[in-house]
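Where a number appears in this text, it was derived from the coordinates with a stated rule and is not lab data. Since we're looking at a predicted model, the values are computed, not measured. Backbone-built Cβ (ideal geometry, glycine too); neighbour counts: all protein chains shown.
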């Protein structure tokens, strides 16, 4: 009977969703690349703004993490050796429309953002694979706390320290800012970056192809768990 409850709960966890932004890149290579990480001592700030039409598959779900992938032109898996970051902070919150994205980071949130991640991060050698177009998504950057997405435009901000270990930057798959608006940049999504983890403003950035991982909100999972236990009790009688 315990196995029955486990199967029901596993089904709840199995309801996890992955939504790729831009949506059209789920099975198609982006038209550019962006070397997100840096060995520069000041680290970096990178911000993504996404229109609600790219996030419909996440409505009512709790976001748990994000994944990136190497650009198809990458000659080898990345990183070539283990890399670490002393701090990698992530913030999520309601955002401006991509067409209204500003060079001032704080202006791209329409309400106080929620910090969903804080602390060190590491990628092991070869964890982002190469040789395909598009490549598979690499390991998840998991959040410390989930973020319930209830619709609307969304802004994601990452502030991270210098890369330690391999000096090779991460050639992640991306959609070029210069290709907008035909490729959707500046309409459905947009990006900004600067070479400082404490930066307050930046310039245009290619938009990283991003996979969001999410599950039903905690209350839904709890209800499924209670239902599973009730089912076990009924079977025992």
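Report summary: the helix-based calculation at 222 nm, which adds -39500 (n - 2.57) for every DSSP H run with n ≥ 4 and divides by the residues of the chain, gives -4500 deg cm²/dmol. Computed from Cα atoms, the angle from the helix 218-236 axis to the main principal axis of the chain rounds to 30 degrees. Three principal axis extents describe the C-alpha atoms of the chain; from largest down they are 65, 39, 32 Å.
Taking the number of other C-beta atoms within 10 Å as the exposure measure, put 141, 90 in order starting with the fewest. Exposure proxy ranking, most exposed first: 141, 90.
Between the beta carbons of residue 76 and residue 26, assuming R0 = 25 Å, the FRET efficiency works out to 0.55 to the nearest 0.05. Each part gets one Cα centre, and for the stretch 62-138 versus the stretch 17-55 those centres are 7 Å apart. With the convex hull constructed from alpha-carbon coordinates only, the stretch 80-165 shows a mean projected area of 7.3 nm² over all directions.
What's the angle, to the nearest 10 degrees (0 to 90), between helix 2-13's Cα axis and the longest principal axis of the chain? Orientation of helix 2-13: about 30 degrees from the principal axis. The order of 147, 85, going from fewest to most other C-beta atoms within 10 Å of their C-beta, is 85, 147.
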